[in-house]
1. Suppose all protein chains stay in the model; what accessible area per residue would a 1.4 Å probe give for region 90-184, in Å²?
2. When the dipole is taken about the Cα centre of the chain, and only Lys, Arg (+1) and Asp, Glu (-1) are charged at their Cβ, what size is it in debye, to the nearest 20?
3. Ignoring ligands, DNA and RNA, what accessible area per residue does region 318-449 give at 1.4 Å, in Å²?
4. Could you work out what % of the accessible surface of the chain is carbon and sulfur, using a 1.4 angstrom probe and leaving DNA, RNA and ligands out of the count?
5. What are the ³J(HN,Hα) values, in whole Hz, obtained from phi via the Karplus relation 6.51 cos²θ - 1.76 cosθ + 1.60 with θ = phi - 60°, for each residue of region 79-88 in sequence order, with x given for Gly and Pro?
6. Please identify the GluC sites (Glu not before Pro) of region 258-326 that satisfy two criteria: DSSP loop assignment and at most 13 other Cβ atoms within 10 Å. Which are they?
7. Want the number for Leu31 to Gln177: 0.36 nm per residue separation, take away the alpha-carbon distance, what's left?
8. Tell me which of Asn388, Leu217, Tyr358 sits at the most positive position along the dipole axis of the chain, charges placed on C-beta atoms (Lys, Arg +1; Asp, Glu -1).
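The values are calculated or read from the model by the stated rules, or taken from the named source; none is laboratory data. All figures in this text were calculated on a predicted structure; none of them were measured in a lab. No Cβ is skipped: glycine too gets one built from the backbone with ideal geometry, and neighbour counts run over all protein chains shown. Ligands, DNA and RNA are excluded from the accessible area calculation, which covers all protein heavy atoms including side chains. Shrake-Rupley method; radii C 1.70, N 1.55, O 1.52, S 1.80 Å.
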Amino acid sequence: MTFIKEFEDYCQQYGKPERIELLLCDLNAVLRGKWLPGDQVDNLINGKVRLPLSTYAPNIMGVGVDSSGLGLVNGDPDGIIVPILGTLKPVPWAEEPTAQLMIDMLDETGEISYLSPREQLTRVAKNFNDNGWHPVAAAELEFYVIEERQDPNEAPVPPIGSPEAQNYDMESLSRFQGMLDDILQASEQQGLATDTLIAEFGPGQFEVNFHHTNDILKAADTALLFRRIVRYVAKKHGLEATFMAKPYKNYPGSGMHLHVSVLDDDGKNIFTPEDKEQTHISLPLEYAVAGVLDTMREMQAVFAPHMNSLRRFGLNGFAPNAPEWGYDHRGAAIRIPEVNGPGARLEHRICGADVNPYLAITAILGGMLHGLKTKPQLTPPLDTDSQNAIEPLDSNWLETITRFSNSAFAKSLYGEDYHHVFTQVKLNEVEEISTEISPIEYRLYLSRL
């Protein structure tokens with residue numbers, strides 16, 4: 001289908017939009033872009049709508065990073081905006097008829113820019129396909145709903161009346177039914193395949209599961225766009241929503257778990273053992289798990305990309321914090337929910353809900369592919385007599401970025417150019433954020449020392 005046909009079909013179903021919100025995913029999974037008047041869609045079709053290519057890679061504050069080689073240091077050239085087919089959807093919370101459209105940009109070569117996180121995932125998915133393998137994935141996303149704040153410097157406060165521990169509490173779902181129903185309805189309108197929704201442990205914390213899909217880009221699109229839906233719908237209900245990894249000191253953090261299996265060209269799950277009664281993992285699944293564990297430390301800067309991300313691995317984080325695996329063990333970084341049949345898969349449990357889903361899934365698939373090709377030895381599972389103590393993942397943000405910077409695997413996976421940009425943006429964020437004087441320093445030191 002061409003975008004012209006997609007736009008015509010959209011107009012026939014929903015009417016012509018007054019505005020099209022063009023959504024570009026940046027390095028930190030912040031959606032950037034522009035509003036395009038509905039009557040200027042021809043400019044988009046004809047390649048006349050542009051943005052600077054540096055829009056892909058500002059720091060979390062929204063500022064360009066000179067050391068990345070992008071921005072004014074190279075003239076800040078434009079990229080040509082191109083639609084991502086299949087992503088033209090209505091915006092249910094908009095006051096006027098509004099559509100949203102995911103976009104990428106062409107660089108001077110006429111190809112999708114290497115700066116596109118979505119293009120990074122496209123490349124690793126192609127590597128799978130070239131080997132006759134086809135990943136199938138489904139994400140789970142946790143988030144908190146909080147009281148609406150007037151000042152962005154204010155700490156979050158749970159919604160009034162929320163229990164401190166609401167894990168699987170049906171009453172908590174009922175109390176927020178209006179908002180949750182609107183979230184699910186908006187997800188359906190935008191084609192996001194939501195599955196179950198539960199009340200998670202923390203006050204005002206919820207989790208949504210998505211259906212498995214063999215369209216790996218769709219899996220990442222869904223995770224990204226769902227975050228947008230939740231924030232906007234919560235605002236309509238007089239609340240805020242956050243996918244910050246650890247918004248509270250004394251309550252669990254929010255994660256993005258990813259379930260992944262792999263099909264062959266005939267549609268058979270390669271993780272399923274020949275013996276239907278087998279209760280331990282097959283060799284292909286063993287290799288995939290070993291590959292993800294082998295590369296986990298090098299990829300921690302992707303799985304925990306922000307200063308706050310690392311707090312999720314600490315006290316009351318309720319998150320695995322070491323490269324370990326286990327059978328149906330939620331304390332393990334890699335959990336094996338099923339070892340046999342079409343559901344044989346691994347569940348990756350390290351990512352915070354704050355990750356860039358494209359870059360994170362690229363890292364997970366890259367680790368799996370590394371394992372399937374090199375067949376490393378797998379360590380014993382968690383909680384077995386033969387398991388040795390495994391060093392936890394790093395608790396220092398700068399160290400995780402330095403390890404990523406020095407990783408040959410990371411350079412090969414993302415390409416040297418993108419690896420450089422990611423590293424420089426993150427090093428800049430460390431410098432900018434870590435040197436900020438925090439409120440606790442004023443409280444403890446200013447009047448006492």
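1. 48
2. Value, rounded to 20: 420 debye.
3. 48
4. 49
5. x, 8, 6, 10, x, 8, 4, x, 10, 6
6. Sites meeting the loop and neighbour criteria: Glu274, Glu277.
7. Gain on extension, Leu31 to Gln177, equals 49.8 nm.
8. Asn388
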